[in-house]
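Enquirer: Dropping the structure in here first, questions after.
Derivation of every value follows stated rules applied to the coordinates shown; laboratory data play no part. Model, not experiment: these values are computed from the prediction. Methodologically, a virtual Cβ is constructed for each residue, glycine included, from the backbone with ideal geometry; neighbour enumeration extends over all protein chains shown.
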Amino acid sequence: MSRTVLKTQQHQQLKQEDHSSLKGTLVFVMFVGAFIFVSWFAVFYLFLIRT
Amino acid sequence: MHLHKYEKIWLTFGIGSLVLFLAVLGVAAFAFGQQPPSHMASVDSQNLEDTVFAEPGLDQINEDTYRARIVALTYGYSPDTIEIPAGSTVIFEVTSQDVVHSFTIPGTNVNMMITPGHVNMTEHTFTEPGEYLVICNEYCGTGHHYMQMKIEVTP
């Protein structure tokens with residue numbers, strides 16, 4: 001019985017190490033990137049219509 | 001080198017955006033000739049009367065193109081009014097006889113710094129008739145906020 005518990009703990013630890021998700025980072029980086037991208041073209045559009 | 005799948009996505013996005021921005025600017029500069037107002041032209045600001053700025057004003061170059069030579073000074077422009085027909089393209093050549101000014105027509109891309117000793121140039125096509133205000137947006141002294149001239153575009 002005690003052996004089984006030890007095995008489960010080891011398994012859980014391994015699972016946690018594997019679970020290094022960058023999903024939140026990706027979402028935020030793309031959010032900032034999209035903001036810069038849209039702003040750049042908005043400013044360029046202003047330049048074009050004022051010519 | 002191992003890169004996470006998401007890292008590849010944002011690196012591609014970032015580098016791709018940079019390449020796109022530079023390509024747009026490159027095409028605008030080299031194919032359409034857009035450039036900053038500084039043309040590296042210089043003039044002796046102490047003796048403007050011995051230069052082409054001795055008689056500032058408007059010259060007609062061809063049917064619908066004009067050249068406006070303007071001197072910025074504390075606190076105004078010489079001449080203080082120019083009149084052109086709608087549809088005209090005006091090439092502005094502006095210099096300062098004293099301190100740093102600017103030459104700004106709100107609502108257009110004409111917005112340049114005017115530095116003594118240099119001739120800054122830009123051009124604009126006035127398609128809409130009306131009165132255009134030119135202002136100085138570079139603080140030049142106590143009368144800075146009175147500094148202005150007018151461009152009258154007649155139909």
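Enquirer: Placing +1 at every Lys and Arg Cβ and -1 at every Asp and Glu Cβ, with all other atoms neutral, what dipole size does the protein assembly as shown have around its Cα centre, in debye to the nearest 20? Don't skip to the answer; put the middle values down first.
Expert: Values: 10 positive and 19 negative charges, 449 e Å.
That gives the protein assembly as shown a dipole magnitude of about 2160 debye.
Enquirer: What order do you get for A:R50, B:R69 when you list them from fewest to most C-beta neighbours inside 10 Å? All intermediate terms of the calculation are to be shown ahead of the outcome.
Expert: Numbers: A:R50 14, B:R69 21.
Least to most surrounded, the residues fall as A:R50, B:R69.
Enquirer: So, one more: Check which residues have an amide H placed less than 5 Å from B:F92's amide H, if you skip close sequence neighbours.
Expert: B:A68, B:T122, B:E123, B:H124
Enquirer: At a Förster distance of 41 Å, what's the computed FRET efficiency of B:N47 paired with A:F47, Cβ-Cβ distance as r, to 0.05? It would help to have the intermediate numbers written out before the result.
Expert: On the way: r = 37 Å, r/R0 = 0.89.
Here the calculated transfer efficiency is 0.65.
Enquirer: HN-Hα J couplings of the stretch B:51-68 from phi, Karplus 6.51/-1.76/1.60, θ = phi - 60°, integer Hz, Gly and Pro as x?
Expert: Per residue, the Karplus-derived 3J(HN,Hα) values read 10, 5, 8, 4, 10, x, x, 9, 10, 8, 8, 8, 3, 10, 10, 10, 10, 10 Hz.
Enquirer: Which whole-number percent is the relative contact order of chain B (Cα, under 8 Å, 6+ apart)? Could you put the intermediate results ahead of the total?
Expert: Numbers: 299 pairs, mean separation 33.7, N = 155.
Normalised by residue count, the contact order of chain B is 22 percent.
Enquirer: A follow-up question, please. Using the Kirkwood radius built from alpha carbon pairs, what does the Stokes-Einstein equation give as D for the stretch B:11-97 at 25 °C and 0.890 mPa s, in µm² per second? Walk me through the numbers before you get to the answer.
Expert: Numbers: Rh = 16.0 Å.
Translational D for this selection: 154 µm²/s.
Enquirer: Also: Check the straight Cα-Cα distances from B:K5 and name the aspartates and glutamates below 18 Å, setting aside those fewer than 8 residues away within the same chain.
Expert: List returned: A:E17, A:D18.
Enquirer: Moving to a separate point now. Thinking of the stretch B:28-155 as a set of Cα atoms, what percent of all their pairs are more than 17 Å apart? Mind dumping the intermediate values first?
Expert: On the way: 4524 of 8128 pairs.
I get 56 percent for the Cα pairs in the stretch B:28-155 exceeding 17 Å.
Enquirer: While we're looking at this one, here's another question. What are the ³J(HN,Hα) values, in whole Hz, obtained from phi via the Karplus relation 6.51 cos²θ - 1.76 cosθ + 1.60 with θ = phi - 60°, for each residue of the stretch B:72-87 in sequence order, with x given for Gly and Pro?
Expert: Result, rounded to whole Hz: 8, 8, 7, 10, x, 10, 10, x, 8, 8, 10, 10, 9, x, 4, x.
Enquirer: Okay, next question. Under a Cβ-Cβ cut-off of 15 Å, what is the net charge of the residues other than B:H118 that fall near it, where Lys and Arg count +1 and Asp and Glu count -1? Intermediate values should be presented prior to the final figure.
Expert: Details: positive: B:R69; negative: B:D44, B:E93, B:D98, B:E138.
Residues close to B:H118 contribute a combined charge of -3.
Enquirer: What number, in nm² with one decimal, is the all-direction average of the projected area of the convex hull of the alpha-carbon atoms of the protein assembly as shown? Intermediate results must be reported in sequence, preceding the final value.
Expert: Working: hull surface 79.3 nm².
Computing the convex hull of the Cα atoms and averaging its projections yields 19.8 nm².
Enquirer: Here is a further query. Roughly what angle does helix B:5-30 make with the longest principal axis of chain B, taking Cα atoms, 0 to 90 degrees, to the nearest 10?
Expert: 30 degrees
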